[in-house]
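Q: The following block contains the structure, expressed as structure tokens.
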Amino acid sequence: MSKLSIFPVSVKVTGKSILIVGGGIEALNKARLALKTEARVRVVAAKFDADFSALDLERRVGSVAAADLEAAALVFVAMDDDEERDHAIALAHRAGVPVNVVDQPDLCDFYTPAIVDRAPISVAISSEGAAPVLARAVRAQIESLLSPNIGALAALAGQLRRRVESLIAAGPARRRFYEALVGSMRVETALEQGAPAARRAALRLLNEHAGQAAQTGLVSLVGAGPGAEDLLTIRAQRLLQQADVIVFDQLVPERVVEMGRRDARRISVGKSKGRHSVSQSEINALLVSLGNQNLNVVRLKSGDPMIFGRAHEELDALKAAGIAYQIVPGVTSALAAAADSATPVTLRGVASGVVFATAHGADDGELHHWAALAQAGVTLGLYMGKSVMARTAAELLAHGMAASVPVGVVVNAGRSDRFTGLTSLGDMAASDFDLPDGPAIFFIGESVAKGEWQQLLAHADAQQKVA
């Protein structure tokens, strides 16, 4: 395993200075970075080619001197003149001040990381000078994960620390308060209104956790998306990291469940076609029992919990028991399937809308309604229809739909082993295609032909079977 050639640290600069030697654009960039700190910023250069006039810093024209390093914490050298560069490095080393020479890692005592600035929270990403562009790309990914208010939230947590310690004993209860503070939509919303409003919201939350109101847990119904980890929402990731217990369905991949807190209890309540290991009533009772144990519970559901997820039954049970709950949406499988096949489920002049429905158990009235919608220019997105799709297609034909209407099927939407195939409504009615294992989404409508499909599933083709 490779070892770091640097030791990552954070340097205190309050009451000290940061010296920048050079007057070009690279020196200007370092000055802007230094001004994000509380340090005094000094710039020395024989000539200023870049415009420093808008920056609140000290400037001096001339060669760097020992006096410029007075109380300096760090020195940045950004210049092309080798003699002046070496002179600046020598002065810094005599003063015992670390030096960074821009774009010359071999001459650096330290490297400048790509920084995510959410003061007092900061995240530094360093490639040890080997790949600064990659470090900036990683920074951008981390930036997208962090709320713009996370710095203000950290400051608020620090202000409340002594009060929290006086009201809540160290251990799980205190940890749960801080997790609740970090994830509280109430506090997040209050932060948008300013520090006083956020403090009031945080104090209410603290009083709830310190008193009897904290004796009931929280159940979060979380959409896991179609299965790929990077399609999980940021909020879902955060709640998984806070969960005491994760209750998950059979269609949720293990790698998504493993994104939860390492010591979280994991309970599978997997249900699949033809096999119901845990009944819905048992799941409801389990969620209520866990909520009554003052636990943070994540009920992890494939796709979106409010789309064919039977969430209303679980919510009814939680409401009846007085258990607090929240709902976190996820990417539903049909949307992932549309993306996988580049299918425009709505298309100007072709498809004016889309309807998501479940084909399994659909009655004649529903099929008649779907056929009318499809003929009016609405794309159908049908879930749970693999075993009944031939019959469903035949009944849609009987209700007046044309045999030539395109039908696309996506199996394992959003996952690396996805399959996409295109056929027609007539061929779908005439064939039971041998599709790969996994949940399938069927799209029916004229806009489906505009998608990008791996295979054409044709009834007349003797090779119609898909391995």
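The values are calculated or read from the model by the stated rules, or taken from the named source; none is laboratory data. As the structure is a computational prediction, the values presented were derived from the model and not from experiment. Cβ coordinates were reconstructed from backbone atoms using ideal geometry, including for glycine residues, and neighbour counts include every protein chain displayed.
Q: What number goes with the only condition from (1) in contact with a Ser or Thr (Cβ under 9 Å, 6 or more places away or on another chain); (2) under 22 Å from R310 (Cα atoms) that E366 does not pass?
A: Here E366 clears every test but (1).
Q: Turning to a different aspect of this structure: Could you tell me how many of the residues in the stretch 182-199 are modelled with pLDDT of 85 or more, in contact with a helix residue (DSSP H, G or I) (Cβ under 7 Å, 6 or more places away or on another chain) and either exposed (fewer than 13 other Cβ atoms within 10 Å of the Cβ) or under 20 Å from A169 (Cβ atoms) (or both)?
A: Within the stretch 182-199, residues that are modelled with pLDDT of 85 or more, in contact with a helix residue (DSSP H, G or I) (Cβ under 7 Å, 6 or more places away or on another chain) and either exposed (fewer than 13 other Cβ atoms within 10 Å of the Cβ) or under 20 Å from A169 (Cβ atoms) (or both) number 0.
Q: Condition first: over 19 Å from F356 (Cα atoms), in contact (Cβ under 8 Å) with a residue 40 or more places away in the chain and under 32 Å from the mean Cα position of the chain (by Cα). Now tell me which residues in the stretch 422-449 satisfy that.
A: L435
Q: Can you tell me which residue in the stretch 329-352 is farthest from L287 (Cα to Cα), limited to those that are touching a Ser or Thr at 6+ places or on another chain (Cβ under 6 Å) and either surrounded by fewer than 19 Cβ atoms within 10 Å (Cβ to Cβ) or among the β-branched types (V, I, T) (or both)?
A: V350
Q: Going through L4, L33 one at a time, which residue ends up being more than 21 Å from I89 (Cβ to Cβ) and in contact (Cβ under 8 Å) with a residue 60 or more places away in the chain? Lay out the reasoning, then the answer.
A: Details: L33 fails: more than 21 Å from I89 (Cβ to Cβ).
Result of the check over L4, L33: L4.
Rundown of residues vs (1) small (G, A, S); (2) touching a Gly at 6+ places or on another chain (Cβ under 8 Å); (3) under 18 Å from R235 (Cα atoms); (4) outside any helix (DSSP H, G or I), yes/no style:
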site	(1), (2), (3), (4)
R162	no, no, no, no
A170	yes, no, no, yes
R175	no, no, no, no
E179	no, no, yes, no
E188	no, no, yes, no
P196	no, no, no, no
A202	yes, no, no, no
L205	no, no, no, no
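Q: (1) part of a strand (DSSP E or B); (2) touching a residue at least 60 places away in the same chain (Cβ under 8 Å); (3) surrounded by fewer than 21 Cβ atoms within 10 Å (Cβ to Cβ): which one isn't true of L251, the others all being true?
A: (1)
Q: Just to be sure I understand the filter: pairs with C-beta atoms under 6 Å, separated by 6 or more residues or on different chains, first member in the stretch 219-240 and over 22 Å from A337 (Cα atoms), second member among the polar types (S, T, N, Q). Which pairs pass?
A: Every condition considered, the pairs that remain are S220/Q326; L239/S220.
Q: Still on this model: How about the stretch 123-149: which of its residues are surrounded by fewer than 16 Cβ atoms within 10 Å (Cβ to Cβ) and on the phi > 0 side of the Ramachandran plot?
A: Selection gives E128 alone.
Q: For the stretch 308-320, what are the residues that are surrounded by fewer than 19 Cβ atoms within 10 Å (Cβ to Cβ), of a type in the set (A, V, I, L, M, F, W, C) and either assigned by TED's automatic domain parsing to the domain that holds I441 or modelled with pLDDT under 95 (or both)? Full working, then the answer.
A: Applying the first criterion (surrounded by fewer than 19 Cβ atoms within 10 Å (Cβ to Cβ)) to the stretch 308-320 yields 310-313, 316, 319-320.
Narrowing the set further to residues that are of a type in the set (A, V, I, L, M, F, W, C) leaves 311, 320.
Selection gives A311 alone.
Q: Where in the stretch 9-111 are there strands (runs of 3 or more DSSP E), lying wholly inside it, with at least 3 residues that are of a type in the set (V, I, T)?
A: Details: elements: 17-21, 40-45, 58-61, 72-77, 99-101.
Once the strands (runs of 3 or more DSSP E) in the stretch 9-111 are filtered for at least 3 residues that are of a type in the set (V, I, T), what remains is 17-21, 40-45.
Q: Mind checking which residues of the stretch 389-421 are over 28 Å from D364 (Cα atoms), in contact with a Gly (Cβ under 6 Å, 6 or more places away or on another chain) and either of a type in the set (D, E) or not in a loop (DSSP other than H, G, I, E, B) (or both)?
A: Within the stretch 389-421, no residue meets the criteria.
Q: Please find, within the stretch 25-83, the residue that is farthest from Y111 (Cα to Cα) out of those that are more than 35 Å from the chain's Cα centre (by Cα) and among the polar types (S, T, N, Q).
A: Looking at the filtered set, the residue picked out is S53.
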